[in-house]
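Heads up: the structure comes next, in structure tokens.
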Amino acid sequence: MALHATSDAAAGPFVRTGPRPTLAVWKFASCDGCQLTLLDCEDELLAVAGQVDIAYFLEASSATVDGPYDVSLVEGSITTEHDAQRIREIRAQSGKLVVLGACATAGGIQALRNFAGADGGPDASVYAASIYAHPEALEALPLATSTPISEHVFVDFELRGCPIDKHQLLEVVSATLAGRKPQVPAYAVCLECKRRGVPCVLVAGGQPCLGPATQAGCGALCPSFGRGCYGCFGPMEGPNLPALSERFAALGVDADGWLRALRTYNAYAGPFRKEAERVERHRS
């Protein structure tokens, strides 16, 4: 893949010096939100599309081309044996594999089933009955968990978010095609609040907020409207979750409330999962 970076805006974020690389986009258990973010790039996507052959992207076109592919973008978590086999096949025919969003990087909100029945909580059937009109249809699914792509195959890059940010997506695609490391922040949402001049909802507003432990990427969307961060972009690099737990407690949030905060879109992400397990051990 002979590509190099360019500063010529008209030529897009990169130019090719050889045959156009092939790009494939795949879906597993997810809501399609991350693929829609790719389609929402509009004008920017046209610049990217001019430099690659989009060989497989069922969200956009039924026309497909067989692999191998230079780059594969994958949305969704692995929830069935068929999924597990399929992601291995995709990995085998992909030069680079980039996973998109909370489902692909942390099992998604459907990973709540991984904790079903833990500590006397509801079992998976309770969750299923609250969502599906015919939950008995799920009995044919052999996997009891929803897991990120990285638990099954090697992943070249993980892009966080629920959904992902389109500017970060364009950066990752451009960097991957140009053969450089993507420039995606690993710091907390708090820095985005500071840059936007948003008053701290945790300190100044006295509201529970996961911003100090959550990776930046949303532009401090929720704090800019005066409410705490939900943790959509997953844990930042090296979060101090026990300290944030104490802060939540000082605001009147009990152990159950803290667990609910940790177990949303990124419940199975390592730091969030470990902190939730710590809380459950101390509570029992």
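The values are calculated or read from the model by the stated rules, or taken from the named source; none is laboratory data. No experiment lies behind these values; they were computed from the predicted model shown. Cβ atoms come from the backbone with ideal geometry, glycine included; neighbour counts cover every protein chain shown.
Mind checking which residues of segment 265-284 are surrounded by 18 or more Cβ atoms within 10 Å (Cβ to Cβ) and either touching a residue at least 40 places away in the same chain (Cβ under 8 Å) or small (Gly, Ala, Ser) (or both)?
Pass one, segment 265-284, residues surrounded by 18 or more Cβ atoms within 10 Å (Cβ to Cβ): 265-269, 271-273, 275-276, 279.
Answer for segment 265-284, where residues must be surrounded by 18 or more Cβ atoms within 10 Å (Cβ to Cβ) and either touching a residue at least 40 places away in the same chain (Cβ under 8 Å) or small (Gly, Ala, Ser) (or both): TYR265, ASN266, ALA267, TYR268, ALA269, PRO271, PHE272, ALA276.
Looking only at segment 128-145, decide whether some residue is among the aliphatic types (A, V, I, L, M), modelled with pLDDT under 90, farther than 19 Å from TYR268 by Cβ and in a loop (DSSP other than H, G, I, E, B).
Scanning segment 128-145 turns up at least one residue that is among the aliphatic types (A, V, I, L, M), modelled with pLDDT under 90, farther than 19 Å from TYR268 by Cβ and in a loop (DSSP other than H, G, I, E, B).
Being buried (at least 20 other Cβ atoms within 10 Å of the Cβ), modelled with pLDDT under 95 and either touching a helix residue (DSSP H, G or I) at 6+ places or on another chain (Cβ under 6 Å) or not assigned by TED's automatic domain parsing to the domain that holds VAL279 (or both), is that true of even one residue in segment 113-127?
Initially, segment 113-127 is screened for residues buried (at least 20 other Cβ atoms within 10 Å of the Cβ), giving 113, 115.
Next cut, modelled with pLDDT under 95 only: 113, 115.
Now narrow it down to the ones that are either touching a helix residue (DSSP H, G or I) at 6+ places or on another chain (Cβ under 6 Å) or not assigned by TED's automatic domain parsing to the domain that holds VAL279 (or both): 113, 115.
So far as segment 113-127 goes, yes, one or more of its residues are buried (at least 20 other Cβ atoms within 10 Å of the Cβ), modelled with pLDDT under 95 and either touching a helix residue (DSSP H, G or I) at 6+ places or on another chain (Cβ under 6 Å) or not assigned by TED's automatic domain parsing to the domain that holds VAL279 (or both).
For segment 78-85, indicate whether the set of residues that are within 19 Å of the chain's Cα centre (by Cα), surrounded by 17 or more Cβ atoms within 10 Å (Cβ to Cβ), among the β-branched types (Val, Ile, Thr) and in a strand (DSSP E or B) is non-empty.
yes
Within segment 64-75, can you find the residues that are touching a Phe, Trp or Tyr at 6+ places or on another chain (Cβ under 9 Å) and part of a loop (DSSP other than H, G, I, E, B)?
THR64, VAL65, ASP66, GLY67
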